[in-house]
1. May I ask you to list the residues in region 261-281 that are more than 18 Å from M367 (Cβ to Cβ) and outside any loop (DSSP other than H, G, I, E, B)?
2. Restricting to region 154-172, and then to whatever is of a type outside the set (A, V, I, L, M) and more than 11 Å from A106 (Cα to Cα), can you tell me which residue is surrounded by the most Cβ atoms within 10 Å (Cβ to Cβ)?
3. Of the conditions (1) surrounded by 17 or more Cβ atoms within 10 Å (Cβ to Cβ); (2) not assigned by TED's automatic domain parsing to the domain that holds L87, A190 satisfies every one except a single condition; which number is it?
4. Let me spell it out: the conditions are (1) surrounded by fewer than 21 Cβ atoms within 10 Å (Cβ to Cβ); (2) in contact with a Phe, Trp or Tyr (Cβ under 6 Å, 6 or more places away or on another chain); (3) charged (D, E, K, R), and E124 meets all of them except one. Which number is the exception?
5. Among residues belonging to region 173-183 that are among the hydroxyl-bearing types (S, T, Y) and closer than 11 Å to F195 by Cα, point out the one that is surrounded by the fewest Cβ atoms within 10 Å (Cβ to Cβ).
6. Any chance region 45-65 includes a residue that's among the aliphatic types (A, V, I, L, M), touching a residue at least 12 places away in the same chain (Cβ under 8 Å), assigned to a helix (DSSP H, G or I) and touching a helix residue (DSSP H, G or I) at 6+ places or on another chain (Cβ under 8 Å)?
7. Within region 9-31, can you find the residues that are outside any loop (DSSP other than H, G, I, E, B), out of contact with any helix residue (DSSP H, G or I) (no Cβ under 8 Å at 6 or more places or on another chain) and touching a residue at least 60 places away in the same chain (Cβ under 8 Å)?
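The values are calculated or read from the model by the stated rules, or taken from the named source; none is laboratory data. Quick caveat: nothing in here was measured; it's all calculated off a predicted structure. Cβ coordinates were reconstructed from backbone atoms using ideal geometry, including for glycine residues, and neighbour counts include every protein chain displayed.
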Amino acid sequence: MEPFSIDLKRLAAELPLPFDFDGPSPDPTRTALIALGKSARFMLSRFLATHPAYATAHSIAIFPEGLTDDLALPSQTLLIPSTHPRLTEKSFVAGKALMDFVTTHAHLDRFICLLSGGASALVEQSDDPAAHIAWWHDLLHAGLPIEEMNRRRIARSAIKGGKLTDFAPHSRFTTFVMSDIPAETGYRLAGSMPFWRDGDERLTLRCIADCTTLHRWYEEQLRSQGYRVAFSKTRFAGTVAELTALITAEKGRLTPGEALLMTGEPILKVDIPHPGHGGRMAHLALLLATESRGDETLYALSSDGIDGSSDYAGVVVTPEARKHFDLTLRDDHLARFDAYPFFERYGCAVKTGYTGINLNDAVVITMPIR
């Protein structure tokens, strides 16, 4: 059997995004479009490909600075780069621009909002930006689950938790969300949800992709390449250490031609002031480095092509690469949250560039047929 191969760019191209309305489509001449999050440009492009009648609608897209793509968006789209994952002064500039956009178009019947993870950091409004930025920094390094972080962000923000919709009190808001929160109802908190709150009849929310979407795609890829998925778990939301323990317990049961598949977003608390070049998936792979059997291959990849503070999508550790590991260096790299320089030595770090999507991480372990 050939080794399992994965193409995250193909994932982005094949990802199903059902931009379906309940009932008739809103009148494009009475509608404005908002795309917000790490996948803002990608989602806006895909939405317009699905509904070309909205290509002339007023639109705004707010996305992380530095992310490059070749997507063609309508010339009238207001493009605003901001910062992620840090909250900065640019976040407040972008937040003000979004408030102004909603206020300016408050006479329209509908806002169609395309929301993805990362929106929390991209836009903000507060009476005391400096204090808010300091509070945000502490929250970012607290090691809390993303749901709890976003609940706290909503409580403190002047625009999140549906508060932004108050600037257009007579308009309806339809939000399509690509959720990066690995919980069944996590989509309700994605991006700290500026366009929706429970109980407001003007607001509609639909999750069009989440962790299970990613999981199903990986399952299909494994099975199409001849592997049997012997252990499968989705929506993992514990710590990287807990995920390492779970993988270690399960992978030893794999037989030739079988695979382990886990998707979710493990928590990695970075508790040193100046961490190195790392990310959740690389840290996990390095924790597993001494636990791997000689004939298995490990894939630990982030769907957006950006793992932590790196330029890499993740790590692929083959049996051949593992033979050359100098594990005397392992603990030092782990302590400094600096896993990628370790894997760079052996050609294990995977660079895809930004994929355009923002779902969760996936860990695959395969055993070849002998």
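1. Residues of region 261-281 more than 18 Å from M367 (Cβ to Cβ): 263-281.
Scanning region 261-281 gives T263, G264, I267, R280, M281.
2. At the first step, the residues of region 154-172 found to be of a type outside the set (A, V, I, L, M) are 156-157, 160-163, 165-167, 169-172.
From the residues that got through so far, the ones that are more than 11 Å from A106 (Cα to Cα) too are 156-157, 160-163.
Details: R156: 17, S157: 21, K160: 25, G161: 22, G162: 22, K163: 16.
Once the filter is applied, the top-ranked residue is K160.
3. (2)
4. (1)
5. Looking at residues that are among the hydroxyl-bearing types (S, T, Y) and closer than 11 Å to F195 by Cα, I get T174.
6. Let us first name the residues in region 45-65 that are among the aliphatic types (A, V, I, L, M), namely 48-49, 53, 55, 57, 60-62.
With touching a residue at least 12 places away in the same chain (Cβ under 8 Å) added as a condition, the list becomes 48, 53, 55, 57, 60-62.
So of that shortlist, the ones also assigned to a helix (DSSP H, G or I) come out as 48, 53.
Filter once more, so that each one left must be touching a helix residue (DSSP H, G or I) at 6+ places or on another chain (Cβ under 8 Å): 48, 53.
Looking through region 45-65, at least one residue is among the aliphatic types (A, V, I, L, M), touching a residue at least 12 places away in the same chain (Cβ under 8 Å), assigned to a helix (DSSP H, G or I) and touching a helix residue (DSSP H, G or I) at 6+ places or on another chain (Cβ under 8 Å).
7. Initial filter on region 9-31 (outside any loop (DSSP other than H, G, I, E, B)): 9-14, 28-31.
Subset that is out of contact with any helix residue (DSSP H, G or I) (no Cβ under 8 Å at 6 or more places or on another chain): 9-10, 13, 29-30.
Scanning region 9-31 gives K9, R30.
Conditions tested, residue by residue: (1) at pLDDT below 95; (2) on the phi < 0 side of the Ramachandran plot.
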site: S303; (1), (2): no, yes
site: G308; (1), (2): yes, no
site: A321; (1), (2): yes, yes
site: D331; (1), (2): no, yes
site: F342; (1), (2): no, yes
site: I357; (1), (2): yes, yes
